[in-house]
1. May I ask you to say which residue of Val179, Val145 is surrounded by 23 or more Cβ atoms within 10 Å (Cβ to Cβ), among the β-branched types (Val, Ile, Thr) and within 16 Å of ligand 2 (Cβ to nearest atom)?
2. Is it true that Asn350 is of a type outside the set (Gly, Ala, Ser) and either surrounded by 21 or more Cβ atoms within 10 Å (Cβ to Cβ) or not in a loop (DSSP other than H, G, I, E, B) (or both)?
3. With the condition kept exactly as written, say whether any residue in the stretch 243-266 is surrounded by fewer than 22 Cβ atoms within 10 Å (Cβ to Cβ), within 25 Å of Gly214 (Cα to Cα) and at pLDDT 95 or above.
4. Can you give me the number of residues within the stretch 69-98 that are surrounded by fewer than 24 Cβ atoms within 10 Å (Cβ to Cβ), assigned to a helix (DSSP H, G or I), away from ligand 2 (no atom under 16 Å from the Cβ) and small (Gly, Ala, Ser)?
5. Please verify whether the stretch 321-333 includes one or more residues that are assigned by TED's automatic domain parsing to the domain that holds Glu19, not aromatic (Phe, Trp, Tyr) and not in a helix (DSSP H, G or I).
6. Among the residues of the stretch 1-46, what is the count of those that are in contact (Cβ under 8 Å) with a residue 60 or more places away in the chain, part of a helix (DSSP H, G or I) and either under 17 Å from Pro349 (Cβ atoms) or not small (Gly, Ala, Ser) (or both)?
Amino acid sequence: MRVLGIESSCDETAAAVVEDGYKLLSNVVASSMDLHAAYGGVVPEIAARSHIESITPVIEQALEQAQCTWDDIDAIAVTYGAGLGGSLLIGVLAARTLAITKQKPLYAINHVEGHVYANFLTETTLPNLVLPGKQPEFPILALIVSGGHSQLALFRDHFDYTLLGQTQDDAIGEAFDKVAKIIGLPYPGGPSVEKKALEGNAFKYQFPKAKMAGKYDFSFSGLKTAVLRTAQAEIGEDFTFPSKDIPERLSEAQRADIAASFVRIANETVVDKALLAFEEFSPKSVVIAGGVAASPPLRKQLADQLPIAVEYTDRKLCTDNGAMIATLGCFTAMHGQPQADPYTLDIAPNLSM
Ligand code: KG4
Ligand code: ZN
């Protein structure tokens, strides 16, 4: 069973071919990230336009890299939500058109569930990818941390999971991106804040950890505001001082200490809840998923504190990609889940888990 996966929910146009839900044959990602950097965040219109330009070459390249023709492809899987409307539309329309013209079954994939399935890839023909030695075993505790989502879910089996908790406001990646903007570091904030944090004192500032009514729920907006207030206070200004004028007044040391103190609390927040859920549900495996799962300190912190061994997927498969969509597409097909109608499949920008 070979599935072509197509992903276009945000600023990455991506396609990949996966065999039987474990073997990655190709993985092509074209990002419009550089075009958004000047604005400090993804601009939906720019993202949609670059998906239009990239989608066909990216799909063709994914087939070529996998050394496949259309005859070798058994099904097409595409992200239909959640994401930016204009961005999702390009991937879904491409997938629908190809499903009709190449006469392939079509599967509609939830982007966030897809992130979790990146962890099922254990073999690849591609160079420079380090994958886990074996697939995770059910029940699986999944910590999903991305630019749009922060969630803890318990997967009892394929297509049988419970959402234990989620963010009530900003996602953790969104908090990284906003903090980067406040202290004057480049977009995307995850990698840049983390790099700066290496130079700073993580205990310089005591940022708050949100207390939530739901045991496994998160909140990051208070943390982000605490960073803003601290930055304003450090330069001797009050809360009315515009955030856009803060970066030029901060020293490199202040920037690094704020970054380090923020990263410590943000990572602790999600690791604490993952450990709590581990104790309550005793899963056989723990996986992390989503762009922030590429973070080396987060990976280390979680692995160090869990009582079981964890194997992470390659960092390149944490941020948005087609491989995760193709992998979940394989399982969807192999488990006889319903196909999507290529004539009517609609996007679902607000799709939840
Ligand atoms: O999963 P993803 O590619 O897109 C969404 O589905 O949201 O996640 C993007 C997020 C961004 O907020 C980015 O700042 C964050 O992942 N990110 C990281 C790292 N690389 C990307 N956060 C922390 N450390 C990283 N190395
Ligand atoms: Zn994502």
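The values are calculated or read from the model by the stated rules, or taken from the named source; none is laboratory data. All figures in this text were calculated on a predicted structure; none of them were measured in a lab. Using ideal geometry, Cβ is built from the backbone for each residue, glycine included, and neighbour counts are taken over all protein chains shown.
1. Numbers: Val179 fails: within 16 Å of ligand 2 (Cβ to nearest atom).
One residue alone meets the criteria, Val145.
2. Values: of a type outside the set (Gly, Ala, Ser): yes; either surrounded by 21 or more Cβ atoms within 10 Å (Cβ to Cβ) or not in a loop (DSSP other than H, G, I, E, B) (or both): no.
No.
3. Yes: the stretch 243-266 contains one or more residues that are surrounded by fewer than 22 Cβ atoms within 10 Å (Cβ to Cβ), within 25 Å of Gly214 (Cα to Cα) and at pLDDT 95 or above.
4. Total meeting the criteria: 2.
5. Scanning the stretch 321-333, I find at least one residue that is assigned by TED's automatic domain parsing to the domain that holds Glu19, not aromatic (Phe, Trp, Tyr) and not in a helix (DSSP H, G or I), so the answer is yes.
6. Here the count works out to 2.
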